[in-house]
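The values are calculated or read from the model by the stated rules, or taken from the named source; none is laboratory data. Just so you know, these numbers come straight off a predicted model, no measurement behind them. In this analysis, Cβ positions are derived from the backbone assuming ideal geometry, glycine residues included, and neighbour counts consider all displayed protein chains. Ligands, DNA and RNA are excluded from the accessible area calculation, which covers all protein heavy atoms including side chains. Shrake-Rupley method; radii C 1.70, N 1.55, O 1.52, S 1.80 Å.
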Amino acid sequence: MAEIVSLTEAVERAIHDGDAVAMEGFTHLIPFAAGHEVIRKRRRDLTLIRMTPDLIYDQLIGAGCARKLIFSWGGNPGVGSLHRFRDAVEHAWPAALEIEEHSHAGMANRYVAGASGLPFAVLRGYNGTGLESLSGVHGTAQTIQPITCPFTGETLTAVAALRPDVAVIHAQRADRSGNVQFWGIVGVQKEAVLAAQRSVVTVEEIVDRLDSRPGAVVLPSWTVSYVAHAPGGAHPSYALAYSVRDNDYYVAWDAISRDRDAFTRWLNEHVYAVPAGQP
């Protein structure tokens with residue numbers, strides 16, 4: 001059953017050096033506060049997993065937390081590149097970064113397979129992409145393989161299940177028993193939590209009772225490890241009905257992240273100098 005703890009305690013308990021960590025949320029409900037807490041804890045050698053690594057992973061990579069990135073698209077939405085990500089890949093600063101690239105459909109299906117307890121998922125989406133030729137290079141495990149349908153003989157693509165050590169998401173609400181509810185743009189948060197060994201869910205508020213919401217997803221408390229109250233924990237992304245997207249932040253990030261010294265100053269001022277457990 002889920003435990004309701006502080007954000008700093010949730011990260012301390014759930015995320016350790018060397019873990020594979022999935023932080024999900026698509027445009028909406030991105031768990032920035034939890035990501036900053038991971039940076040403050042100075043976790044190292046993490047394998048970061050995310051369908052669309054954006055600013056939160058740029059920050060974690062620049063802070064030296066990451067060893068590997070498993071992803072399907074990376075960029076600063078509507079602005080440009082992730083410069084800390086590029087610097088790590090191109091110049092190994094602050095450390096070398098291994099990358100494993102998939103399609104969006106491949107990543108989503110990998111989470112579904114992990115959540116379903118299956119070893120792999122099957123889809124057509126890799127045909128012609130060339131991504132399969134990159135799988136297993138440099139001695140890494142293969143995660144993309146052609147497979148023949150036993151019924152039609154068609155050649156399809158199998159992708160290995162994703163089973164992170166930890167999944168981290170942000171949600172609108174949880175009740176005092178640890179049941180979690182979120183709505184709006186719903187990506188693969190549910191699948192990531194169900195696929196992971198442990199999970200941290202930050203929430204805008206903790207309520208006595210979860211009201212019914214059309215289209216809402218509810219994660220029952222037995223599927224969640226830790227719930228932490230973190231109002232504003234999705235900023236600069238947004239939480240529908242609680243906050244709006246801070247577009248100026250995304251624009252400003254381009255200049256901050258381009259320069260190592262500017263990024264280091266930002267990290268010291270806006271993450272390390274912020275009290276533990278704060279967004």
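How many residues are open to solvent by less than 10 Å² (accessible area, probe 1.4 Å) and out of contact with any Leu (no Cβ under 9 Å at 6 or more places or on another chain) when one looks only at segment 9-20?
3
Mind checking which residues of segment 146-159 are part of a strand (DSSP E or B) and either open to solvent by 60 Å² or more (accessible area, probe 1.4 Å) or free of Cβ contacts under 8 Å to residues at least 12 places away in the same chain (or both)?
PRO146, THR148, THR155
Give me a count of the residues in segment 40-56 that are surrounded by fewer than 24 Cβ atoms within 10 Å (Cβ to Cβ) and touching a Leu at 6+ places or on another chain (Cβ under 6 Å).
Within segment 40-56, residues that are surrounded by fewer than 24 Cβ atoms within 10 Å (Cβ to Cβ) and touching a Leu at 6+ places or on another chain (Cβ under 6 Å) number 0.
So which residues in segment 21-38 are over 10 Å from GLY233 (Cβ atoms), of a type outside the set (Gly, Ala, Ser) and open to solvent by less than 10 Å² (accessible area, probe 1.4 Å), if there are any at all?
VAL21, MET23, GLU24, HIS28, VAL38
Which number in (1) touching a residue at least 60 places away in the same chain (Cβ under 8 Å); (2) touching a helix residue (DSSP H, G or I) at 6+ places or on another chain (Cβ under 7 Å) marks the one condition that ILE70 misses?
(2)
For segment 160-210: of the residues being small (Gly, Ala, Ser) and either part of a strand (DSSP E or B) or over 19 Å from ALA33 (Cβ atoms) (or both), which is nearest to the chain's Cα centre (by Cα)?
Restricting to residues being small (Gly, Ala, Ser) and either part of a strand (DSSP E or B) or over 19 Å from ALA33 (Cβ atoms) (or both), the top hit is ALA167.
Restricting to segment 106-125, name every residue that is aliphatic (A, V, I, L, M), open to solvent by less than 50 Å² (accessible area, probe 1.4 Å) and touching a Leu at 6+ places or on another chain (Cβ under 6 Å).
Within segment 106-125, just ALA115 meets the criteria.
Is there any pair with a first residue in segment 86-111 that is assigned to a strand (DSSP E or B) and a second that is among the hydroxyl-bearing types (Ser, Thr, Tyr) and modelled with pLDDT under 95 whose Cβ atoms are under 8 Å apart and which are 6 or more apart or on different chains, and what are they?
Listed by first residue and then by second, the contacts come to GLU98/THR140; GLU100/SER135; GLU100/THR140; GLU100/THR143; GLU101/SER72.
Given the conditions (1) open to solvent by 40 Å² or more (accessible area, probe 1.4 Å); (2) at pLDDT below 95, report the number of the one that ARG163 does not fulfil.
So ARG163 meets the others, but not (2).
Report the residue count in segment 248-270 for those that are within 20 Å of the chain's Cα centre (by Cα) and either open to solvent by 90 Å² or more (accessible area, probe 1.4 Å) or closer than 21 Å to HIS28 by Cα (or both).
Here the count works out to 3.
Residue by residue through segment 180-199, note down the ones that are within 24 Å of ARG13 (Cβ to Cβ) and either modelled with pLDDT under 95 or touching a Ser or Thr at 6+ places or on another chain (Cβ under 7 Å) (or both).
VAL193, LEU194, ARG198, SER199, listed by residue number.
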